[in-house]
1. Would you work out what percent of the accessible area of the range 156-312, with all protein chains in place, is carbon or sulfur (probe 1.4 Å)?
2. Looking only at the chain, where both bridge partners belong to it, what percent of the DSSP beta bridges are antiparallel (to the nearest 5)?
3. Taking the Cα atoms of the range 193-312, report the difference between the largest and smallest coordinate on each principal axis, in whole Å and largest first.
4. Over the range 206-301, give the accessible area per residue in Å² for a 1.4 Å probe, as an integer.
5. ILE34 label point, 7 Å along Cα→Cβ, cut-off 14 Å on backbone N: hits in the range 76-119?
6. Label the chain by shape, choosing from rounded, prolate and oblate, from the square roots a ≥ b ≥ c of the eigenvalues of the Cα gyration tensor; if a/c is under 1.5 it is rounded, and otherwise prolate applies when a/b is larger than b/c, oblate when it is not.
7. Tell me which DSSP H helices of the chain clear both cut-offs, 30 Å or more of axial length from alpha-carbon atoms and a mean Kyte-Doolittle hydropathy of at least -0.5.
8. Can you pull the one-decimal nm distance between simple spin-label points at ASN173 and LYS219, each 7 Å off the Cα toward Cβ?
Amino acid sequence: MYFIGVDIGGTGIQAGVVNQDGKILFRKECSTDIKNGFEKIMNDINTLVRELLYENKIDIDEIESIGFGVPSFINKRGLVTCVNLGWSEVEFMDALRERFPEVSVYAENDATVAALGEAILGSMKGSKVGVLYTLGTGVGGGIIINGKVFTGANGMGSEIGHVVIGDNYFDCNCGKNGCLETFCSATAIIKHAQKLIQEGRESVILDMADGKIENIDAKMVFDSYREGDCVAVDTIKRFKLYLSKAMANMINTLDPDIISIGGGVSRASDIILDGLKDSIREQILYKKEDFAKIVCATLGADAGIIGAAFLR
């Protein structure tokens, strides 16, 4: 038997046929047609999956289940609200069952699904308690306990990007102030570098951006950090301080054996991991005891497909 994992993103949808060992055997993708609404996206997913099977001579009866990663929270009634996709309480699970009546269908938040993928085949393989932080435009994450997704009693758990970690000078997109997302995302890195430059600090970051502050991206900040640029150094130090605070809180709460860092920001792993454990140790309760390994995710975009395929 095979499994299918589908990773739904804001610009593209990826689907893969996965075997029992977690290997992606075949894959196919299509664009996310947001402008034509929910039904069009669901029809495109149906077409994508069935073409994937047809092109690789696999019958739907050979599929154990289909899992979906969605960039949103799925409530207990199977409804999804997702600003990025233009969905407001759409009947997501019912729509899946209608289109795939032959198999069992499952769905979870995309970051949680990625965490499951990393636990099955990637950086958190073999862990009893693993936590993934996905640092990108925002901050997401997932918690895997004994090989199973943890989302809490009402499905709202693992929203680790929205743990309030301190006061900030701008609010999170969720409406709160102080979410981890506003300190440790690529967006937060950009905003802080821009703020320091607007306050009159000189920086080579602005030169990299052709003198246009709105062109600054996170990679420029990390590249400038390597050159010792003061704005970049202060920005990344702040980012790492709050990341270590969040991880220390997670260690004090769950005591995971592995914490993995994924997302686009993790490409600067040499900078992020340097000294991070020392900073975490300063903030955990039991400072002399062993605590979680801090690693970087290894599966990249494949984590979403693999994790979705193994949802149960």
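The values are calculated or read from the model by the stated rules, or taken from the named source; none is laboratory data. Predicted model only: the values in this text are computed from it and were never measured. Because the Cβ atoms are built from the backbone with ideal geometry, glycine has one as well, and the counts that use them run over all protein chains shown. When the accessible area is computed, the model is the full protein with side chains, heavy atoms only, and any ligands, DNA or RNA have been set aside. Shrake-Rupley method; radii C 1.70, N 1.55, O 1.52, S 1.80 Å.
1. 48
2. Percent antiparallel among DSSP bridges in the chain is about 60.
3. Ordered largest first, the range 193-312 gives principal extents of 49, 39, 20 Å.
4. Per residue, the range 206-301 has 53 Å² of solvent-accessible surface.
5. 82-88
6. prolate
7. Passing helices, by number: 230-254.
8. With each label placed 7 Å out from Cα toward Cβ, I get 2.1 nm.
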